[in-house]
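The values are calculated or read from the model by the stated rules, or taken from the named source; none is laboratory data. What you see is a predicted model; the values in this text were computed from it and never measured. Because the Cβ atoms are built from the backbone with ideal geometry, glycine has one as well, and the counts that use them run over all protein chains shown.
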Amino acid sequence: MSPLQHSNHLAARMGRWSASHWKTAVFGWLAFVVIVFMAGGKIGMNTIQLQDANVGQAHHADNILKESGFGQTDPQTEIVLVQSRTQTVDDPAFRAAVADVARSVAPYAAVKNLRTPYQGGHADQISRDRHTAMVLWEMKGNLDHAKTKIDAITTTTGKVATRHPSFYIGEAGSVSSGKALDAMFSAQLGKAGIRSIPLTLIILLLVFGSLAAALMPLLLALSSVLATIGLVSFVSKVTPMDQSVAEVVLLIGLAVGVDYTLFYLKREREERAAGKGHRAALEAAAATSGRAVLVSGLTVIVAMAGLIFTRDKTFVSFGIGTILVVLVSMIGSLTVLPALLAKLGDRVEKGRIPFLGRFRRSSGENRFWARILDPVMRRPGLSALAAATLLGVMAVPVLHMHTAQSGLDALPKSAPTVDTLDRIQNAFVGTAQPAEIAVKTPSTDTAEFKNAILGLRSRIAASRNLHGPVSIDVDPAHEVARIDVPIAGNGVDKRSEAGLAELRRDILPSTVGTVAGTEWAVTGNTAASHDYNAMMKGSAPYVFGFVLLFAFLLLLASFRSIVIAAKAVVLNLLSVGAAYGLVIAVFQWGWGESVLNFKSNGGIASWLPVFMFVILFGLSMDYHVFILSRIREAFDRGLSTDEAVAHGIKTTAGTVSSAALVMVGAFGIFATLPFLDFKEMGIGLAAAVLIDATIVRAVLLPATMKLLGERNWYLPTWLQWLPTIDHGTGTATAEPVAA
């Protein structure tokens, strides 16, 4: 194989400049991170308002309510459940407990429209078996104001429960449950982030065998994350961000930041072990792995941009955040890393752990993966067929995919107020998550409108999928009515969907819809889930098409091979399909209930398929580009295709498996969290990365390249105008390192 020649592409030039101007590169980076992070913290982040999060008809209903005298979508209903196994609502002790709740809550200025089950017209606040009753009210003001007042009220209802130990008395509702669950949600996300950092450090210690080398990728990745969080605050002034965008940035930033540094650092070590001097090894790494990082980063950015095509505000914010963190991580890896390596030299081995050092290989072909690859290369047809069949079988459950927004069933039973919510759901099905109807009419006081409401109540009473208590509130101008209707089922299942369809297609058009000048729309959890699913199904083809097309074009331009580009897309689709199948089997079909401690809701999170596709397609391209760059480099230096494939896979396998281990560890932490959506995301992403780094990259990729031989590099004559790109076949020319 011919020696490396001098390279002059962008990544190589960036590496050389940074190595010669290490102070400017390192301190300039630190200044950038500190200034951007502090400035972003000072201006704050604009977040997506809950009332703006829905889509479709649910969003229209939200707007009707928000623009009316109500000023907001949510009535902010609070419920205190009073329940007894032995006594009924007719017993004096039961009446006393209910009266104590009402008497204790009534004095609070934040409480309005207090309703007890014993008041006239509120018998629907008593369960059919008469062992459960509800006391209801709404919180005044907007959500932020209500949150400041709710703690005192929940403390009071807690004291009422203490005074009546023979009854179950618990409070839940829009404000109390929302505040408690949001706090738990944020705490769990923060916990996942905190756990992922030491886990990543442990893995890097195992990979490098020295503390200095292990800290370098981690610190560079974390600094990229901090800078991105600052940049996101600036972008949020133009388009609001989801409140969880920082956690997504940390997750992706840690993954790609560590990956890029691993690619670079491992290649520098390999060149050193092969006999090159410090500066020559550094330039070789910049010319080869540096270019792979550049191409990989651009491919990942293209994939993440697909999230913008969902038209969902949360996904758009995630797309912007991930694009920024990949871009910042890529720039840091191409500038700061070579600068640090140039300055530290052999001191990068500081803190070497002798025991671990024994098992570390700095260079050459990985013996473990060589034992796997050799049989694959001897029988490529059989290996490709076996791997493709396995992935195909794993993907079969995709044919039965059902998506739904998570309902009460997905909440951890240990979470605050969830026990009360479950009891409400069991005693008054649908009351905890009712359909919310927004009706805009010339006047709610006309006889025609009142008769329509009577007809609405009558139709709901006769329905199998809808029931009471029906709550109706009118805004001060008497032009908008807000009607809450409990829906049967768990809020996201087929029974709930049937109830929503009955409301939208039959009951509302034939009642309030007949009133002249009246418009209506339905929101609430079931409606929001239905409309969100419809939007995601409509936008998914555009997301998939954009990501696949532009990834194909980028790989075509990078490797000047239509076969390589097309095969990369197909292999990634197989990998994602197998991951989908695994998630569906484990969560939708419930195969993992006992192992992962959850109860299946009969579907997977509605946001997960598109999110997984974009994230996995982007991250798996990391490995693919890195491996293909090494193969192409060997091919350009004189090896045959078979020899180049074997050399490229064996020399990159250790790095790829190390990078995959970091990702699997970071994603796997989410599987330990109590929220079902987190578990689905963690298992899905971790399993997909593992599948991609093993079955796809170690078996299917080399087997198909062996079968295709020289045809791997096929480029039609009408595409010969594409520029030939230097794949790092560069000799490093030594230049003095700046002091």
Quick check on my filter: what residues within the stretch 117-151 are under 22 Å from Leu466 (Cβ atoms) and either touching a Pro at 6+ places or on another chain (Cβ under 8 Å) or buried (at least 17 other Cβ atoms within 10 Å of the Cβ) (or both)? Pro117, His122, Ala123, Asp124, Gln125, Ile126, Ser127, Thr132, Ala133, Met134, Leu136, Glu138
Looking at this structure, is Val245 of a type in the set (A, V, I, L, M, F, W, C), more than 16 Å from Ser196 (Cβ to Cβ) and not assigned by TED's automatic domain parsing to the domain that holds Ile197? yes
Being on the phi > 0 side of the Ramachandran plot, modelled with pLDDT under 95, under 35 Å from the mean Cα position of the chain (by Cα) and not charged (D, E, K, R) narrows it down to one residue among Gly489, Gly499; which is it? Gly489
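When you go through Gln57, Gln49 one by one, which is the residue that is under 17 Å from Asp484 (Cβ atoms) and touching a residue at least 60 places away in the same chain (Cβ under 8 Å)?
On the way: Gln49 fails: under 17 Å from Asp484 (Cβ atoms).
Just a single option satisfies the conditions, and that option is Gln57.
Suppose the filter is assigned to a helix (DSSP H, G or I), out of contact with any strand residue (DSSP E or B) (no Cβ under 7 Å at 6 or more places or on another chain), among the basic types (Lys, Arg) and surrounded by fewer than 18 Cβ atoms within 10 Å (Cβ to Cβ); does Arg457 pass it? Spell out the reasoning first.
Working: assigned to a helix (DSSP H, G or I): yes; out of contact with any strand residue (DSSP E or B) (no Cβ under 7 Å at 6 or more places or on another chain): yes; among the basic types (Lys, Arg): yes; surrounded by fewer than 18 Cβ atoms within 10 Å (Cβ to Cβ): yes.
So Arg457 fits the description; yes.
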Using beta carbons and a limit of 6 Å, which pairs, at least six apart or on different chains, have the first residue in the stretch 381-400 and farther than 17 Å from Tyr580 by Cβ and touching a residue at least 40 places away in the same chain (Cβ under 8 Å) and the second one among the acidic types (Asp, Glu) and outside any helix (DSSP H, G or I)? none
Give just the number: which of (1) more than 27 Å from the chain's Cα centre (by Cα); (2) over 16 Å from Ile483 (Cα atoms); (3) aliphatic (A, V, I, L, M); (4) buried (at least 17 other Cβ atoms within 10 Å of the Cβ) does Ala31 not satisfy? (4)
Suppose the filter is touching a Phe, Trp or Tyr at 6+ places or on another chain (Cβ under 9 Å), over 25 Å from Ala388 (Cα atoms) and among the hydrophobic types (A, V, I, L, M, F, W, C); does Ala521 pass it? no
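Considering Ile331, Ile323, which residue is among the aliphatic types (A, V, I, L, M), within 30 Å of Lys350 (Cα to Cα) and surrounded by fewer than 23 Cβ atoms within 10 Å (Cβ to Cβ)? Outline the logic, then answer.
Values: Ile323 fails: within 30 Å of Lys350 (Cα to Cα).
After applying the criteria, what remains is Ile331.
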Of these, Val89, Val36, Val105, which one is without any contact (Cβ under 8 Å) to a residue 60 or more places away in the chain, buried (at least 18 other Cβ atoms within 10 Å of the Cβ) and more than 28 Å from Asp475 (Cβ to Cβ)? Val89
Test: Leu408 is at pLDDT below 85 and within 27 Å of the chain's Cα centre (by Cα): yes
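Name the residue, out of Leu114, Leu65, Leu81, that is assigned to a strand (DSSP E or B) and either buried (at least 21 other Cβ atoms within 10 Å of the Cβ) or in contact (Cβ under 8 Å) with a residue 40 or more places away in the chain (or both).
Leu81
Among the aliphatic types (A, V, I, L, M) and either in contact with a Pro (Cβ under 8 Å, 6 or more places away or on another chain) or modelled with pLDDT under 85 (or both): is that true of Leu226 in this structure?
Working: among the aliphatic types (A, V, I, L, M): yes; either in contact with a Pro (Cβ under 8 Å, 6 or more places away or on another chain) or modelled with pLDDT under 85 (or both): no.
Judged against the criteria, Leu226 is not a match.
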For the list (1) surrounded by fewer than 24 Cβ atoms within 10 Å (Cβ to Cβ); (2) modelled with pLDDT under 85; (3) part of a helix (DSSP H, G or I), I need the number of the one condition that Ala671 fails. (2)
Condition first: surrounded by fewer than 21 Cβ atoms within 10 Å (Cβ to Cβ), touching a helix residue (DSSP H, G or I) at 6+ places or on another chain (Cβ under 9 Å) and outside any helix (DSSP H, G or I). Can you find one or more residues in the stretch 431-438 that meet it? no
For the stretch 348-359, how many residues are at pLDDT 70 or above and surrounded by 13 or more Cβ atoms within 10 Å (Cβ to Cβ)? 4
Expected output for the stretch 446-467 (first residue hydrophobic (A, V, I, L, M, F, W, C), partner surrounded by fewer than 16 Cβ atoms within 10 Å (Cβ to Cβ), Cβ below 8 Å, 6+ apart or cross-chain) is Phe449/Ser443; Ala452/Thr514; Ile453/Ile472
Only listed residue being of a type in the set (A, V, I, L, M, F, W, C), over 20 Å from Ala579 (Cβ atoms) and touching a residue at least 12 places away in the same chain (Cβ under 8 Å), chosen from Ile627, Ile683, Ile695, Ile631: Ile631
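Could you say which residue among Ile669, Ile683, Ile691 is more than 19 Å from Trp369 (Cα to Cα), of a type in the set (A, V, I, L, M) and touching a Ser or Thr at 6+ places or on another chain (Cβ under 8 Å)?
After ruling out the rest, the residue left standing is Ile669.
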